[in-house]
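**Student:** Let me give you the structure first, and then I'll get to my questions.
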Amino acid sequence: MRLDGVVKAPNGMIAVVSNPQSRTYFLREGDHLYDGSVEKISMDGVSFHEEGKDAFGKPVERQVNKRIYASPGEQQ
């Protein structure tokens, strides 16, 4: 999943993400995904809580942070 942008809306923050097939999704805090959920959206990135299993089938959880960087000449 690629973080394409973050939008500040009147009712909260929205993360714009896309998958490898270039399909675009709009996510809000608390939205559930295939293997986790959106924890926090800020102007500089998104935090996800991911749940999965290790090679032995033991449940594992981890925090995944995707940051967004301004292009040269742009303001955040």
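The values are calculated or read from the model by the stated rules, or taken from the named source; none is laboratory data. A quick note: this is a predicted structure, and the numbers were derived from the prediction, not measured. Note that we place each Cβ from the backbone using ideal geometry, even for glycine, and neighbour counts take in every protein chain shown.
**Student:** Just the residues that are of a type in the set (D, E) and surrounded by fewer than 11 Cβ atoms within 10 Å (Cβ to Cβ), please, taken from the stretch 33-56. Steps first, answer last, please.
**Tutor:** Step one: of the stretch 33-56, the residues of a type in the set (D, E) are 35, 39, 44, 50-51, 54.
Within the stretch 33-56, just D54 meets the criteria.
**Student:** Residues in the stretch 25-59 that are in a strand (DSSP E or B), over 18 Å from R2 (Cβ atoms) and modelled with pLDDT under 95: how many?
**Tutor:** 4
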